[in-house]
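Engineer: Once you've had a glance at the structure underneath, I'll fire off some questions.
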Amino acid sequence: MEVMTRSTFSLILPSINISHKSTEIIQFRITEALKFGAIPVIFGDDLVLPFSEIFDWGNAAIIIPVSLIQDINLILKKYTVNTIMSMQHAGKLLYQAFSDYTYTLSLILTVLKHRLGFPPLIVDEKSNNVVIDKKQGKNINISRLFSTNNFELLEQKMNLFGNPLMSHLNTPLENINPKKKGKETGYNNVTHPSRDRSYEQFTIVILVYDRIDTMLENVASLKGLQFLSKVIIIWNNPIYSSTLTWPEIGVQIHLIRPSRNSLNNRFLPYDIIQTDAILSLDDDCIMKHDDILLAFRVWKIERERIVGCPGRVHKWDAVRNEWNYSWQYSDLWKVSMVLTGAAFFHKYYAYVYSYVMQSAIREFVDENLNCEDIAMNFLVSHITQKPPIQVICVHVCFIGCMYVATIQ
C-alpha cells in the first residue's frame, strides 16, 4: 500500500496465456492502481478493459503494445505534469464509479444489451469546437484537453424518443429524487438516476450572431455561478473575430461555429454537453445568479418539463381567426409557454428536437428565423402531456430588445 501510494504509474502485465484477453488478477491490478491514484500502464493493446464500450480508458490509463516494452521509460517521460494530474483525476472518477454497486450493475446490463445486439445507443452531435483558454490567451483544440468539471468520462449516449432503432441510458421521464439523503461524493454522474444529485451541474448554451459586446457582457456575468459546468457559445455568424477578449469566469468557454446559420443550432445535442441540464440563454439575456439557481432547483424536481423565466400565453384571436401569443402583466399567471431564451430543459429533448421531430417544423424555423422556442415548448408538452413551469424571477434583463422585464 505504501509503494502504491507513492507511485505515479503502475505496470499491468498481460497474461502468460496469450489467448486470455483479460483475467481476474489483471482486473484487480487495474482497480488497485485506480484506488491509490496511480496511472495504470497496460502492456498489450488487445486487452479487454472493463466497460470499454462506455468508458474511454485512454483518459485514465496508458496502453502500450508489448513490442514497445523496451521504450517504456521514454514513453512515460513524455507525459507532462498536467496530463498526469488529469489522468489521475480521471482514474479517481472511474474508481468511484466501480465502487457504486448499483451503478456497476446498470453498466453490466447496458454492456450486455450492447453485446447481445440490442438497439444501439445514440451518438452525440460532433461539435468541432475550440476552448477559450484564458491562461494561454488563445483558442486551442478541444481534443488536447481533458476537462474534469463533470463526470465527462462517460459518453453521453442517450435515446431518441419514439425511435425503436435506438436505445438510451437516461431520459427525463425517469423517477428521480433530487433530495435523496446520503453521503455526497462531490462528483456528478450524469447518466445514473439513483445517485445523489445534490451537486449536479448544468451547461449554459448561448446563441449569438452579431451582438458580440452584449454577449460578452452576458458571459462575464456568469463568473462564480454555482453548479455551472461550462459555457457553450454557438457562433451563427460566418464571420468570426479572433481578436475578441473573452472574460475569465472560472469554467471553460467552448466556441462552436456551425456550418450554417440556423436557430435550430441552439438545440443540437453536442457531444461536449456532459450534463442532463441545459440552460438555454439568448445572447442579450442577463440573469442574476439567484434566479438561475432557483430555476435550476425547480428543474431538478420537474426534470421532464421546461423551466424558465420569460413566459408567454397563446390565445385564439376570434377577430383575425388565428392563434397568436403575447406577454402582458394581465397574463402573468396564465403562462402556456416559456421562452427558451432563458430556460432549463433536459438534453434528451435536444435529441428529439433535432432528429425525431418532423423536419418540416425545423424548416419553418429556418425560413422564418423565428418560432424555435414555440416548437420546443410544444414538443416537450406533447411528450409529457404537461405544461412548462415559469419561475418568477427577481430580475431578467433582455438588452437591446423592446423591453426590459423586471418581474417582482
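We did not get these values from a lab; they are worked out from the coordinates using the rules stated. All values reported here derive from a predicted model rather than from experimental measurement. Positions of Cβ are backbone-derived with ideal geometry, glycine not excepted, and every protein chain shown enters the neighbour counts.
Engineer: First obtain the Kirkwood hydrodynamic radius of segment 1-95 from its Cα pairs, then insert it into the Stokes-Einstein equation at 10 °C and 1.306 mPa s, and state the resulting D in µm² per second as a whole number.
Structural biologist: Estimated via Stokes-Einstein, D reaches 117 µm²/s.
Engineer: Looking at this model, which pairs from Lys230/Lys347; Lys288/Lys315; Lys230/Lys300 are more than 26 angstrom apart at the alpha-carbon?
Structural biologist: Lys288/Lys315
Engineer: Here is a follow-up. Would you calculate the separation in nanometres between label points at Lys77 and Ser326, each defined as 7 Å from the Cα along the Cα-to-beta-carbon direction?
Structural biologist: Taking the simple label geometry, Lys77 and Ser326 are separated by 7.6 nm.
Engineer: Go ahead and run the numbers for FRET between Ala360 and His114, Cβ-Cβ distance against an R0 of 35 Å, rounding to 0.05.
Structural biologist: For R0 = 35 Å, the calculated efficiency reads 0.55.
Engineer: Pick out, in residue order, every one of the trypsin sites (Lys or Arg not before Pro) in segment 245-292 that is DSSP loop and has at most 16 other C-beta atoms within 10 Å; say none if there are none.
Structural biologist: Of the trypsin sites (Lys or Arg not before Pro), the ones in loops of segment 245-292 whose Cβ has at most 16 other Cβ atoms within 10 Å are Arg260, Lys288.
Engineer: Separate question: Using only the Cα atoms of segment 41-114, what do you get for the radius of gyration and for Dmax, in Å?
Structural biologist: 14.4, 41
Engineer: Related question: Using only the alpha carbons of segment 250-346, determine the length spanned along each of the three principal axes and report them from longest to shortest in whole angstroms.
Structural biologist: 50, 34, 25
Engineer: Under a plain spin-label model, where a point goes 7 Å from the Cα along Cα-to-Cβ, how far apart in nm are Asn261 and His314?
Structural biologist: Simple spin-label model gives 2.7 nm for this pair.
Engineer: Can you tally the net charge around Pro65? Count Lys and Arg as +1, Asp and Glu as -1, for every other residue whose Cβ sits under 14 Å from the Cβ of Pro65.
Structural biologist: Neighbourhood net charge equals -3.
Engineer: Kindly state, to the nearest 0.05, the FRET efficiency for Asn370 paired with Ser67, given R0 = 45 Å and r defined as their beta-carbon distance.
Structural biologist: The calculated FRET efficiency here is 0.15.
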